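Engineer: Here's a structure for you.
The values are calculated or read from the model by the stated rules, or taken from the named source; none is laboratory data. What you see is a predicted model; the values in this text were computed from it and never measured. Note that we place each Cβ from the backbone using ideal geometry, even for glycine, and neighbour counts take in every protein chain shown.
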Number of protein chains: 2
Amino acid sequence: MPRPELDDLDHALLGLLQRDSARTLAALGDQVGLSPSAVQRRIERFRETGLVDRTVAVLDAKRAGALLAVCLATLDRESRAEHERFRAHVLASPHVQQLYNVTGDWDYVVVLATTGVEEHRVVADAVLKDAPNLRRYSTMLVLDPVRATLDLPTRPAP
Amino acid sequence: MPRPELDDLDHALLGLLQRDSARTLAALGDQVGLSPSAVQRRIERFRETGLVDRTVAVLDAKRAGALLAVCLATLDRESRAEHERFRAHVLASPHVQQLYNVTGDWDYVVVLATTGVEEHRVVADAVLKDAPNLRRYSTMLVLDPVRATLDLPTRPAP
DNA sequence: TCTGAAAGTTTTCATCC
DNA sequence: GGATGAAAACTTTCAGA
């Protein structure tokens, strides 16, 4: 899949879509100065190339009564196969909201989403304590999810 | 805003909407066993109560060429006002994708999204190095965003 | 009060310019 | 990139449980 060339209008549209994708093609067109059909064609290209992966509803964590936890984990052996084994184990849980392989003292950042402390215990034990090839891990409970988005910049800020 | 009572169908709908909100009301209705209008009314209630905060397009971080970084930060003074000052400073940057106040040795987890290492340097300096009342911070660059969602459970897993 | 069905309106999609 | 007609979806209204 070739990397699509993005112009100013594409960047503007991607910014709008990341903040609110429920707008109509006409409304988006008004914002960036394009006809609805032109907007539609660009969005379709975003999806075809995989740049836009999906469209989702974002719940309010507080109203949903959810408990988030940011966990840090380091593996014992560092081989490719061991990493794969660890990832497969962690990804098997639907409570794993985010999983990042990172640089530094820790190998992975794992964000867990549960319905409360009781469930967190059970899930954290299953996902991390029982994980294969784990050397050590640490858990930080989220007291306040001040901001939670998946927004990405598509070009350097001016 | 009173907490809405959610039944099994609501939980099912919320799960579907968090994974893919681009489906039609008819398709959603087929999945859970409701008419399109009934589905619509429930979704409208989700929005009115604020349980569903917004609908967004999720970009593929690799294809977007984005660089993520997970930073940990600890404040110097722990007063409410100092927390507010720190948060306001951090939230002012659009590159702050996520910000969590957490328990443990660190006060905050900050996820930064930039277009590459050059921009990351600039942004990390502006957001964290120059942050008011910061005692210390640490940065982990994301080598691989294995999973990135905002999915939340709405009820305990069986 | 909530659900389901039907009519009216808007949006989206495909084709052509 | 824009414009048009056709198809689909959404919104509103109303009747029934």
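Engineer: Only one of A:R135, A:R87 is more than 7 Å from chain B (Cβ to nearest Cβ) and farther than 30 Å from B:R80 by Cα. Can you tell me which? Please lay out each step first, then the result.
Structural biologist: On the way: A:R87 fails: more than 7 Å from chain B (Cβ to nearest Cβ).
Answer to the check: A:R135.
Engineer: Filter the range B:1-50 down to residues that are hydrophobic (A, V, I, L, M, F, W, C), farther than 27 Å from A:D53 by Cα and away from chain A (no Cβ under 11 Å) and give me whichever is surrounded by the most Cβ atoms within 10 Å (Cβ to Cβ). Full working, then the answer.
Structural biologist: Start the filter on the range B:1-50 by keeping residues that are hydrophobic (A, V, I, L, M, F, W, C), which leaves B:1, B:6, B:9, B:12-14, B:16-17, B:22, B:25-28, B:32, B:34, B:38-39, B:43, B:46.
Remaining after also requiring farther than 27 Å from A:D53 by Cα: B:1, B:6, B:34, B:38.
With away from chain A (no Cβ under 11 Å) added as a condition, the list becomes B:34, B:38.
Values: B:L34: 18, B:A38: 15.
The extreme case among them is B:L34.
Engineer: May I pose another question? Please count how many residues of the range B:114-138 are part of a helix (DSSP H, G or I) and more than 21 Å from the chain's Cα centre (by Cα). Let's see the steps before the verdict.
Structural biologist: Let us first name the residues in the range B:114-138 that are part of a helix (DSSP H, G or I), namely B:117-129.
Adding the requirement that they be more than 21 Å from the chain's Cα centre (by Cα) leaves B:117-119, B:121-122, B:125-126, B:129.
Summing the residues that are part of a helix (DSSP H, G or I) and more than 21 Å from the chain's Cα centre (by Cα) in the range B:114-138 gives 8.
Engineer: If you check B:A69, B:A64, which single one turns out to be farther than 21 Å from A:R147 by Cα, surrounded by 14 or more Cβ atoms within 10 Å (Cβ to Cβ), at pLDDT 95 or above and touching a helix residue (DSSP H, G or I) at 6+ places or on another chain (Cβ under 9 Å)? Please lay out each step first, then the result.
Structural biologist: On the way: B:A69 fails: farther than 21 Å from A:R147 by Cα.
Residue meeting the stated conditions: B:A64.
Engineer: Looking only at the range A:90-108, which residues are more than 8 Å from chain B (Cβ to nearest Cβ) and in contact with an Asp or Glu (Cβ under 9 Å, 6 or more places away or on another chain)?
Structural biologist: A:D107
Engineer: Looking at B:C71 and the list (1) more than 16 Å from DNA strand D (Cβ to nearest atom); (2) free of Cβ contacts under 8 Å to residues at least 24 places away in the same chain; (3) not polar (S, T, N, Q), which single condition is not satisfied?
Structural biologist: Every condition holds for B:C71 apart from (2).
Engineer: Would the range A:85-97 turn up any residue that is of a type outside the set (S, T, Y), touching a His at 6+ places or on another chain (Cβ under 6 Å) and over 26 Å from A:L51 (Cβ atoms)? First the steps, then the outcome.
Structural biologist: Restricting attention to the range A:85-97, the residues satisfying the condition of being of a type outside the set (S, T, Y) are A:85-92, A:94-97.
Still in the list and also touching a His at 6+ places or on another chain (Cβ under 6 Å): none.
No.
Engineer: Only one residue in B:L6, B:L28, B:L99, B:L75 is of a type in the set (A, V, I, L, M, F, W, C) and closer than 14 Å to A:V56 by Cα. Which one? Show your work before the answer.
Structural biologist: Values: B:L6 fails: closer than 14 Å to A:V56 by Cα; B:L99 fails: closer than 14 Å to A:V56 by Cα; B:L75 fails: closer than 14 Å to A:V56 by Cα.
Matching residue, one of B:L6, B:L28, B:L99, B:L75: B:L28.
Engineer: Another question about this same structure. Mind listing whichever residues of the range A:48-60 are within 16 Å of DNA strand D (Cβ to nearest atom) and under 15 Å from B:A61 (Cα atoms)?
Structural biologist: Residues of the range A:48-60 within 16 Å of DNA strand D (Cβ to nearest atom): A:48-49, A:51, A:54-57.
Within the range A:48-60, A:T49, A:L51, A:R54, A:T55 meet the criteria.
Engineer: Taking A:L112 and the conditions (1) closer than 23 Å to B:A113 by Cβ; (2) within 16 Å of DNA strand C (Cβ to nearest atom), which numbered condition does it fall short on, given that it satisfies the others?
Structural biologist: (2)
Engineer: Looking at the range B:73-108 only, could you name the residues that are part of a strand (DSSP E or B) and more than 15 Å from the chain's Cα centre (by Cα)? Can you show your working first?
Structural biologist: Let us first name the residues in the range B:73-108 that are part of a strand (DSSP E or B), namely B:73-75, B:96-102, B:108.
Within the range B:73-108, B:A73, B:T74, B:L75 qualify.
Engineer: Please work out which residue is farthest from DNA strand C (Cβ to nearest atom), limiting yourself to the range B:1-53 and to residues that are hydroxyl-bearing (S, T, Y) and outside any loop (DSSP other than H, G, I, E, B). Lay out the reasoning, then the answer.
Structural biologist: Step one: of the range B:1-53, the residues hydroxyl-bearing (S, T, Y) are B:21, B:24, B:35, B:37, B:49.
Next, only the ones that are outside any loop (DSSP other than H, G, I, E, B) stay: B:37, B:49.
On the way: B:S37: 4, B:T49: 12 Å.
Looking at the filtered set, the residue picked out is B:T49.
Engineer: Can you work out which of the residues in the range A:147-158 that are at the interface with another protein chain (Cβ under 8 Å from one of its Cβ atoms) and more than 16 Å from the chain's Cα centre (by Cα) is surrounded by the most Cβ atoms within 10 Å (Cβ to Cβ)?
Structural biologist: The first filter runs over the range A:147-158 and keeps only residues at the interface with another protein chain (Cβ under 8 Å from one of its Cβ atoms), leaving A:147-157.
With more than 16 Å from the chain's Cα centre (by Cα) added as a condition, the list becomes A:155-157.
Values: A:R155: 15, A:P156: 11, A:A157: 12.
The selected residue is A:R155.
Engineer: Is it the case that the range B:54-64 has a residue that's within 16 Å of DNA strand C (Cβ to nearest atom) and touching a residue at least 12 places away in the same chain (Cβ under 8 Å)?
Structural biologist: Checking the range B:54-64: at least one residue is within 16 Å of DNA strand C (Cβ to nearest atom) and touching a residue at least 12 places away in the same chain (Cβ under 8 Å).
Engineer: All but one of (1) touching a Leu at 6+ places or on another chain (Cβ under 8 Å); (2) modelled with pLDDT under 95 hold for A:T49, so report the exception by its number.
Structural biologist: Unmet for A:T49, out of (1) touching a Leu at 6+ places or on another chain (Cβ under 8 Å); (2) modelled with pLDDT under 95: (1).
Engineer: Determine which member of the set A:L150, A:L128 is over 18 Å from B:L67 (Cβ atoms) and touching a residue at least 24 places away in the same chain (Cβ under 8 Å). Please lay out each step first, then the result.
Structural biologist: Details: A:L150 fails: over 18 Å from B:L67 (Cβ atoms).
Exactly one of A:L150, A:L128 is over 18 Å from B:L67 (Cβ atoms) and touching a residue at least 24 places away in the same chain (Cβ under 8 Å), namely A:L128.
Engineer: Check B:V111 against each of (1) crowded, with 16+ Cβ neighbours inside 10 Å; (2) more than 7 Å from chain A (Cβ to nearest Cβ); (3) over 18 Å from the mean Cα position of the chain (by Cα); (4) not in a loop (DSSP other than H, G, I, E, B) and name the one condition it does not meet.
Structural biologist: (3)
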